[in-house]
Amino acid sequence: MKNLLAVEWLKMKNFRTFWILTGFFALLLPLWNYGISNGIVKMGGGEINLISQAYGFGYVWQNLGFWTSIFVVFLSILTIILTTNEYQFRTNRQNVIDGWTRMNFYHAKWLVVLLLSMFTTVYVFIVGVGFGAGYGSVNDFPGSIAHLFYVWVLSLNYYAFSLLLSIFFKRSGITIGIFFLYCMILEALVSKFINWWLDTKAGNFMPLQCSDELLPFPVLDVLKAMTGAQDTVQPVYYVVCSFAWIGIYYLLGRQKLLRSDW
Amino acid sequence: METILSIRNLSKSYGAIQALKDVSFEVPAGSVFGILGPNGSGKTTLLGIILEVLNADAGNGAWFGGMPGEQARKQIGSLLETPNFYHYLSAMDNLEIAASIKQRGMDDRERVLQLLGLYERRNSKFQTYSLGMKQRLALASALLGNPKVLVLDEPTNGLDPAGIAEIRELIRDLNQQGITIIMASHLLDEVEKVCTHVAILKKGDLLLTGPVEDVLRHEDQIEVKSRDLTRLQTILQQMNGVHKIQPVNGGLLLSCETTLLPEQVNEYCMQHGIVLSHLTLKKKSLETKFMELTG
């Protein structure tokens, strides 16, 4: 396992796109949240701001968590590029010719996905502690830190999904296109239709949506508290569902790689 | 002799096209084994299967008497089809990845780059390399850590004439050091100059396999005519050194051993009461033979 990761690191460490995309994520996430916490970035006219500006430990994880669920797109694209590069350069073949098994290649990519999701979580934790301590009291630490766990689940789901798409579509352009089409439009549309049609929350259990449900738009929490509305689905179901999808991605990718010619 | 690779009953099709049909042969240790065939004859498919990047429909290839594939591949230096490297990395960085996967040869990178004449450009990115340099880097990568076996698919692709000569020389040198080399080529000349053994493929069929001097034996042809061709044919079929008789241009074309001289044919016919009206010796080129085999 160490060898697989070491080889993946060699592929990444001198790859400019890796540093640019990781840099964008690492820079823009705190900057964006700083803008929100200060009211520089706002939603609504005049004095009205619909975005939660609460960044003390009580709310920082919900807020950061939601915005992370959008910024993970940078690292999803990175996952796609790192994987489709192999097909473009045909280095997936070369890695096997040089002595990896096909599964070594596959697991190396999964380790990257796992590592990126862990990086995301740890980074959000560091940023969160900064904001929490800056805008509130350290005594309130950790607050609703379960959301940090949801960040991990969501990022793992997004990156693993990106990996699966890359394995099936192989070309970076088309894979990124399909990724955006799916996560921005198609899934929202289908899940809303399912919810409307069946009059249940079944649509919330779509592959990426189930993780998105763990980190909802934070203003809704405030509204929910005000109106006394309750979520009918416990987060644990979304967590289990997310892991189930991640498992399915793994198995589908594995089947594809074992059965097809390289 | 020890066997490096046994190929048993390999078959593979791409949809309706059968790329390999029940191909079996063995590669002896210490040989330069050429897999010869025109474009589309199944050479790369065959190499792809033994390197496990392609799945066979039936049959298998066993390295070193049945060693697990990934373990065997770590001890083999391979170049399949095109040079495959990370475009944004230098030669040194690309070789570092190959050496890490092979788990050997890390301190061998400078030597192989020197051997292939790329040392000066070792820190240039792969994407800045010319076609010939890319091919050289692929060969350098295959040589990392002194493998016992090299698998080379069209190793002189993209090289200029001097480069081609140099690589052939290198292959011969490596073979003299005891390295077994399996190379695919569509160039008969290349196989003839470099290889000790050959397998000839045509549209997925294995036509012939064996030592080069047996398979690609220089054969002479003698053209003869006489009044009674049927009798002439019957008589000549019994003559030693005549392999094949084909009717051509109102005469007969004899494929015979190089030691057989036209005067011996004439004498033989005289002894059997036939007077020849025509007798010519035609040196047959290997190309003609190759075209006959694969055409």
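Note on the stretch B:162-295: Cα-Cα pairs beyond 19 Å make up 58% of the total pair count.
Taking B:91, B:140, B:165 as the candidate residues, the one with maximal mean-square fluctuation in a Gaussian network model of chain B, Cα springs under 10 Å, is B:165. When chain A is treated as a Gaussian network with alpha carbon springs shorter than 10 Å, the biggest mean-square fluctuation among A:32, A:67, A:197 belongs to A:197.
Per-residue 3J(HN,Hα) values for the stretch B:260-277, derived from phi via the Karplus relation 6.51 cos²θ - 1.76 cosθ + 1.60 with θ = phi - 60°, read 7, 9, x, 5, 5, 5, 4, 4, 4, 5, 3, 4, 9, x, 10, 9, 7, 9 Hz in sequence order (x marks Gly and Pro). Think of it this way: in chain A, A:183 stand alone, with no other Cys Cβ under 4.7 Å. What is the sum of charges, Lys and Arg at +1 and Asp and Glu at -1, for the other residues whose Cβ falls under 12 Å from the Cβ of residue B:52? Value of the local net charge: 0.
Restricting attention to the stretch A:1-157, the count of lysine pairs at 8 or more positions apart or across chains with alpha carbons under 30 Å apart stands at 5. Within the stretch B:219-294, all pairs of alpha-carbon atoms sorted by distance into 5 Å bins from zero give the percentages 3, 16, 30, 27, 13, 7, 3, 0.
At an R0 of 45 angstrom, the distance between the Cβ atoms of residue A:141 and residue A:259 translates into a FRET efficiency of 0.35. Can you give the % of DSSP beta bridges in the protein assembly as shown that are antiparallel, to the nearest 5? Taking every DSSP beta bridge with both residues in the protein assembly as shown, the antiparallel ones total about 70 percent. Farthest toward the positive end of the dipole of chain B, out of B:77, B:198, B:243, is the Cα of B:77, where the dipole comes from beta carbon charges about the Cα centre.
FRET efficiency for the residue B:110 to residue B:16 pair, using the beta carbon distance and R₀ = 41 Å, is estimated at 0.25.
Under a Gaussian network description of chain A, with springs only between Cα atoms under 10 Å, the residue in A:70, A:36, A:81 that fluctuates furthest is A:70.
Under 5 Å from the amide H of residue B:57 lie the amide H atoms of B:11, B:12, B:13, each residue being 5 or more positions distant or on a separate chain, with H modelled from the backbone and absent for Pro and chain starts.
Below 16 Å, Cα to Cα, which lysines can residue A:201 reach? Residues fewer than 8 away in the same chain don't count. Filter leaves A:192.
Among the listed pairs B:148/B:244; B:12/B:148; A:170/B:202, those whose Cα-Cα separation exceeds 30 Å are B:148/B:244; A:170/B:202.
Give the average over all directions of the projected area of the C-alpha convex hull of chain A, one decimal, in nm². Orientation-averaged projected area of the Cα hull: 15.8 nm². Please report how far the C-alpha centroid of the stretch B:37-82 lies from that of the stretch B:220-295, rounded to the nearest whole angstrom. The distance from the Cα centre of the stretch B:37-82 to that of the stretch B:220-295 comes to 42 Å.
Coordinate-derived values only; no laboratory data. These numbers were taken from a predicted model, which means no experiment stands behind them. Methodologically, a virtual Cβ is constructed for each residue, glycine included, from the backbone with ideal geometry; neighbour enumeration extends over all protein chains shown.
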